[in-house]
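Enquirer: Got a structure here, written out as structure tokens. Questions coming.
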Amino acid sequence: MEEMLRKTKVLLKSYQMAKFAVMVRTQEVEDELFDSDMKSIENLIDSVLGEDLMLNGKYLENKLVEVRATATLLHRMELCLQWLRKYPGKGAIYYDMLYQFYFSGFNNGHKVVAEMFDMSRTTYYRYFKKAEITYSKLLWTNNLTEGSET
């Protein structure tokens with residue numbers, strides 16, 4: 001459980017940087033394709049199937065696989081955040097806390113988020129810890145679907 005929570009915190013702390021990396025890598029691939037005069041999907045497919053397509057010394061397929069893997073993880077994290085919002089009890093407040101702290105992109109610190117909820121520091125940290133634990137359980141549970149409630 002503690003290892004699962006530790007990994008979740010690492011992912012949460014890395015969320016904004018990973019989102020930025022996907023955006024940058026996607027733009028790099030688009031720019032390289034445009035520069036190579038590959039303006040249509042048909043040309044791209046023909047090029048990939050016909051020969052090894054290297055862009056800046058790296059195969060296009062490898063770049064796209066990396067972007068897809070990161071984007072898939074980000075999607076899973078965002079989906080779990082939505083599940084957290086629907087979680088019985090304090091799910092909505094857990095969602096708001098984690099969203100403001102990790103996902104909003106505003107670099108809100110604990111003090112700012114606690115003030116948003118007009119909570120004492122002890123209450124805020126108690127709720128925040130429960131929010132991270134609940135989110136972690138949702139993130140690492142493989143059998144959840146969008147429509148399920150936990």
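Enquirer: Identify the residue in segment 105-150 that is surrounded by 12 or more Cβ atoms within 10 Å (Cβ to Cβ) and part of a loop (DSSP other than H, G, I, E, B) and, among all such residues, is modelled with the lowest pLDDT.
Expert: Out of the qualifying residues, it is 150.
Enquirer: Just to check your reading of the model, which residue among 64, 98, 79, 73 is part of a helix (DSSP H, G or I) and under 13 Å from residue 14 (Cα atoms)?
Expert: Working: 64 fails: under 13 Å from residue 14 (Cα atoms); 98 fails: under 13 Å from residue 14 (Cα atoms); 79 fails: under 13 Å from residue 14 (Cα atoms).
Checking each option against the conditions leaves just 73.
Enquirer: Please name all residue pairs, on different chains or six or more residues apart, with Cβ atoms under 6 Å, provided the first residue is in segment 22-34 and is within 20 Å of residue 73 (Cα to Cα) and the second residue is at pLDDT 75 or above.
Expert: As it stands, the answer is 22/67; 22/70; 22/71; 25/67; 26/67; 29/63, since those pairs meet every condition given.
Enquirer: Please go through segment 69-107 and pick out each residue that is charged (D, E, K, R) and either touching a Phe, Trp or Tyr at 6+ places or on another chain (Cβ under 8 Å) or within 15 Å of residue 127 (Cβ to Cβ) (or both).
Expert: The answer is 78, 85, 90, 96.
For (1) within 30 Å of residue 138 (Cβ to Cβ); (2) small (Gly, Ala, Ser); (3) modelled with pLDDT under 85, each residue gets a yes or a no:
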| position | (1), (2), (3) |
| --- | --- |
| 7 | yes, no, no |
| 29 | no, no, yes |
| 40 | no, yes, yes |
| 57 | no, yes, yes |
| 100 | yes, no, no |
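Enquirer: Now for a different question. Within segment 11-25, track down each residue that is hydrophobic (A, V, I, L, M, F, W, C) and surrounded by 12 or more Cβ atoms within 10 Å (Cβ to Cβ).
Expert: First, pick out the residues of segment 11-25 that are hydrophobic (A, V, I, L, M, F, W, C): 11-12, 17-18, 20-24.
Answer for segment 11-25, where residues must be hydrophobic (A, V, I, L, M, F, W, C) and surrounded by 12 or more Cβ atoms within 10 Å (Cβ to Cβ): 11, 12, 18, 21, 22, 23.
Enquirer: Can you tell me how many residues in segment 73-97 are under 13 Å from residue 16 (Cα atoms) and either in contact (Cβ under 8 Å) with a residue 40 or more places away in the chain or of a type in the set (Ser, Thr, Tyr) (or both)? It would help to see each step written out before you state the result.
Expert: Looking only at segment 73-97, we keep the residues that are under 13 Å from residue 16 (Cα atoms), and these are 73-75, 77-78.
Then keep just the ones that are either in contact (Cβ under 8 Å) with a residue 40 or more places away in the chain or of a type in the set (Ser, Thr, Tyr) (or both); that gives 73-74, 77.
Number of matching residues: 3.
The values are calculated or read from the model by the stated rules, or taken from the named source; none is laboratory data. A quick note: this is a predicted structure, and the numbers were derived from the prediction, not measured. When we count neighbours, we look across all protein chains shown, and the Cβ atoms used for this are built from the backbone with ideal geometry, even at glycine.
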